[in-house]
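Following: one structure in structure tokens, then a few remarks.
The values are calculated or read from the model by the stated rules, or taken from the named source; none is laboratory data. Computed from a prediction, not measured in an experiment: that's the story for all the values here. Here the Cβ is made from the backbone with ideal geometry for all residues, glycine too, and neighbour counts use every protein chain on show.
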Amino acid sequence: MQDVMNVNQKEYKIVKLLGHGKGGYSYLAEREGKFYVLKQIHHEPCEYYSFGNKIEAEQNDYNRLLQTGIRIPRMLDIDVANERILKEYIDYECNNYMDEWNFENWGIKYWSKTTEFIDYMEQH
């Protein structure tokens, strides 16, 4: 893993690897006291998926999600030559599944009174 990566001539310190998927490696990166996600596109083979232009696909997927109004991390910069994407970093915690947080014990309290909700309540 590199200690530093550039995105369009701006240097980012690589803090750690966040994850690896079929399209690239995502790193926690830091610059001037702010944290970012820096995604490095890779070209490793994938048996079940055929890729075209990964940078273009990432940009198209981002724009498509953005148009839905879903709140997603902002795409801040794209370095086409180095196949790197810089995104807003949102710190969060992800926990393992626990029964006490399932639909019946927790999720149901957060659903509005939809037809499905009322039907569920009548059946349970």
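Screening the candidates Tyr120, Tyr25 for the property of being among the hydroxyl-bearing types (Ser, Thr, Tyr) and modelled with pLDDT of 90 or more yields one hit, Tyr25. Scanning segment 2-21 for residues that are touching a residue at least 60 places away in the same chain (Cβ under 8 Å) and not basic (Lys, Arg) returns Met5, Asn6, Val7, Asn8, Tyr12.
May I ask you to list the residues in segment 63-78 that are among the β-branched types (Val, Ile, Thr) and either closer than 15 Å to Ser26 by Cβ or assigned to a strand (DSSP E or B) (or both)? So that I can check it myself, show each step before the final result.
Going residue by residue through segment 63-78, those that are among the β-branched types (Val, Ile, Thr) are 68, 70, 72, 78.
Within segment 63-78, Ile72, Ile78 qualify.
Of all residues being outside any loop (DSSP other than H, G, I, E, B) and at pLDDT 95 or above in segment 79-103, which is surrounded by the most Cβ atoms within 10 Å (Cβ to Cβ)? Just the residue, please. Across segment 79-103, the extreme among qualifying residues is Ile85. Do we find that Lys13 is over 13 Å from Lys87 (Cβ atoms), surrounded by 10 or more Cβ atoms within 10 Å (Cβ to Cβ) and more than 16 Å from the chain's Cα centre (by Cα) in this structure? Against the criterion (over 13 Å from Lys87 (Cβ atoms), surrounded by 10 or more Cβ atoms within 10 Å (Cβ to Cβ) and more than 16 Å from the chain's Cα centre (by Cα)), Lys13 qualifies.
Conditions (1) farther than 20 Å from Ala81 by Cα; (2) acidic (Asp, Glu); (3) touching a Lys or Arg at 6+ places or on another chain (Cβ under 7 Å); (4) assigned to a loop (DSSP other than H, G, I, E, B), marked per residue:
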position	(1), (2), (3), (4)
Leu28	yes, no, yes, no
Gly52	no, no, no, yes
Ala57	no, no, no, no
Asp61	no, yes, no, no
